[in-house]
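See structure below.
The values are calculated or read from the model by the stated rules, or taken from the named source; none is laboratory data. Given the structure is predicted, the values throughout are model-derived calculations rather than measurements. Cβ atoms come from the backbone with ideal geometry, glycine included; neighbour counts cover every protein chain shown.
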Amino acid sequence: MEKYNYLIIGGGIAGVTAAETIRQKDAVGSIAIVTNEPYKLYSRVMLSKPDFFLGKIPFDRVWMKSDEWYGVNKITFLNHKIATAIDAAGKSVSFADETKLAYEKLLLATGACARRWNVPGADKKGIYYLRSLDDGKAIMGAIKTAKHALIIGGGFIGFEMADLLRMANINTTFVLLESYFWEPVLDEDAGRMVEKALLAGGVKIMHKAEVAEVLGSGSVEGVVLKDGTKLECDMVVCGIGTACTTDWLRASGLQANQGIIVDERLRTNLPDVWAAGDVSEYKDIVLDETIHMGNWMNAREQGKVAGLNMAGTETPFNLASFYTAQGLGISIVFVGDVRASAGRGVVKRGSPAANSYGRIIVLDKGGRKELEGAVLINRSSELMAIAKIIEKNIDVSQKLRELGDEKFDLKTFL
């Protein structure tokens, strides 16, 4: 049984960044990256960008590491291997091909999977998700001939796919369970701003609608909604969230909830086992809460922190994560924890009428008021200032009025 000083399950940005960081700290320790995909590291961010799908960006730009990079850094790359079990006592991982690999230190960076659409007929050809490069290739092929597309679910993927489909001159309709876009993550004002941009771009929106069945013999030809409405389409893109596959880990005694539970240094409850990226459910020392957040930036930075800790440099994960999307004449930014749940205040900045609107989430922490997150619509220039205010846990108790004054420079807090 082959043994590695550092074994990394997952070849995405978290796993590869961890390997790169480890190699910077440990020049001789053996490192292996194992992935169930056929590909070396590629940019998942680029997969959702219209210019990539429409061929305006060369396809080769998707690759983030060359074949030579793995060799130069003495990192063994093993693809097409599906991990099936961990033996925590024996410090080994079993795979579907009946092989095993032993480790001294293990990182689980397996990412998340697209949540599957569970309606009758959802297994027909013409139903697409966007999570992997193969998913992207399938959509790139479909948009060459598609005439009518449905998008199931809102959110970043749905929004970015709507932008792509309209740029490809495909008739596009959103089918939303909610009464407005991205409810309840956005308030209605912000949701309607996004909808205004979608509608101006030629996207149709159906609210409080749910598909009962997908029509067609072998390929999708349309859908029937639960109210009996029939919609014609030859392509459906599902953006209904992600889910982590952790069942194979539970027999090892690994603690998991929505993701693998880790501390602020990304350590699991098992000895010499860490988790990073979309699969981790981590202690956020910036927000002082446990979070499960999947995005590219978060995964990259967690990979770096996990690599440092595995190589012996004790480092907490400390980042106000953010996600951005731009298209159809509008920009959307989420930074930190954007949930406006009970016990949290909201300071509004700008206005929907001016087409520039922010919602800053403020939490009372024992007499102090600190920023937890923000949603920024057409205010992306304020992203970095807000992220730094969150990271530095700055008390804004006496500055709430300024937070709501769009003429006030947020950098003043820093």
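Before moving on, here are some points about what is shown:
- The set of residues from the range 272-303 being under 17 Å from ILE31 (Cβ atoms) and surrounded by fewer than 21 Cβ atoms within 10 Å (Cβ to Cβ) comprises just one member, ASP272.
- Options ILE143, ILE152, ILE139, ILE157: the member that is closer than 25 Å to ILE330 by Cα, over 23 Å from the mean Cα position of the chain (by Cα) and hydrophobic (A, V, I, L, M, F, W, C): ILE143
- Condition met for ILE386 (farther than 26 Å from GLU195 by Cα and of a type outside the set (S, T, N, Q)): no
- Among residues of the range 167-192, those that are touching a residue at least 40 places away in the same chain (Cβ under 8 Å) and touching a Pro at 6+ places or on another chain (Cβ under 9 Å), counted: 5
- MET193, sole failed condition from (1) in a loop (DSSP other than H, G, I, E, B); (2) buried (at least 18 other Cβ atoms within 10 Å of the Cβ): (1)
- Take the conditions (1) surrounded by fewer than 16 Cβ atoms within 10 Å (Cβ to Cβ); (2) among the charged types (D, E, K, R); (3) over 21 Å from the mean Cα position of the chain (by Cα); ASP247 misses just one of them, which is (3).
- ASP135 being in a helix (DSSP H, G or I) and surrounded by fewer than 22 Cβ atoms within 10 Å (Cβ to Cβ): yes
- The range 266-288 - residue that is touching a Lys or Arg at 6+ places or on another chain (Cβ under 9 Å) and of a type in the set (Asp, Glu) and, of those, nearest to TYR4 (Cα to Cα): ASP272
- Breaking point among (1) among the hydroxyl-bearing types (Ser, Thr, Tyr); (2) surrounded by fewer than 21 Cβ atoms within 10 Å (Cβ to Cβ); (3) in contact with an Asp or Glu (Cβ under 9 Å, 6 or more places away or on another chain), for TYR357: (2)
- Enumeration of residues in the range 268-306 that are part of a loop (DSSP other than H, G, I, E, B), at pLDDT 90 or above, in contact with a strand residue (DSSP E or B) (Cβ under 8 Å, 6 or more places away or on another chain) and not small (Gly, Ala, Ser): THR268, ASN269, LEU270, ASP272
- Selection status of LEU414, under 31 Å from the mean Cα position of the chain (by Cα), among the aliphatic types (A, V, I, L, M) and surrounded by fewer than 21 Cβ atoms within 10 Å (Cβ to Cβ): yes
- Among the residues here, ALA325 does not qualify as more than 30 Å from ALA168 (Cβ to Cβ) and within 26 Å of the chain's Cα centre (by Cα).
- Residues that are within 9 Å of GLY11 (Cα to Cα) and at pLDDT below 95 within the range 38-52 are absent altogether.
- Within the range 283-328, the residues that satisfy the criterion of being in contact (Cβ under 8 Å) with a residue 60 or more places away in the chain and basic (Lys, Arg) are ARG300, LYS304.
- Scanning the range 44-70 for residues that are over 17 Å from GLU20 (Cβ atoms), surrounded by 14 or more Cβ atoms within 10 Å (Cβ to Cβ) and more than 20 Å from the chain's Cα centre (by Cα) yields a count of 1.
- Qualifying residue in the range 196-204 (condition: buried (at least 21 other Cβ atoms within 10 Å of the Cβ) and over 15 Å from GLY329 (Cβ atoms)): no
- Summed over the range 312-327, residues that are hydrophobic (A, V, I, L, M, F, W, C) and either assigned by TED's automatic domain parsing to the domain that holds ILE260 or part of a strand (DSSP E or B) (or both) total 2.
- Evaluated against (1) in contact (Cβ under 8 Å) with a residue 24 or more places away in the chain; (2) surrounded by fewer than 24 Cβ atoms within 10 Å (Cβ to Cβ); (3) more than 25 Å from PHE322 (Cβ to Cβ), THR21 falls short on exactly one condition, (3).
- Considering the range 225-240, the residues that are of a type outside the set (Val, Ile, Thr) and in contact with a Gly (Cβ under 7 Å, 6 or more places away or on another chain) include one that is farthest from GLY10 (Cα to Cα), namely LYS230.
- Residue tally, condition touching a residue at least 40 places away in the same chain (Cβ under 8 Å) and either surrounded by 24 or more Cβ atoms within 10 Å (Cβ to Cβ) or of a type in the set (A, V, I, L, M, F, W, C) (or both), over the range 24-38: 5
- Criterion: in the same structural domain as GLU37 (by TED's automatic domain parsing) and either of a type in the set (D, E, K, R) or modelled with pLDDT of 95 or more (or both) - qualifying residue of ALA146, ALA162, ALA89: ALA89
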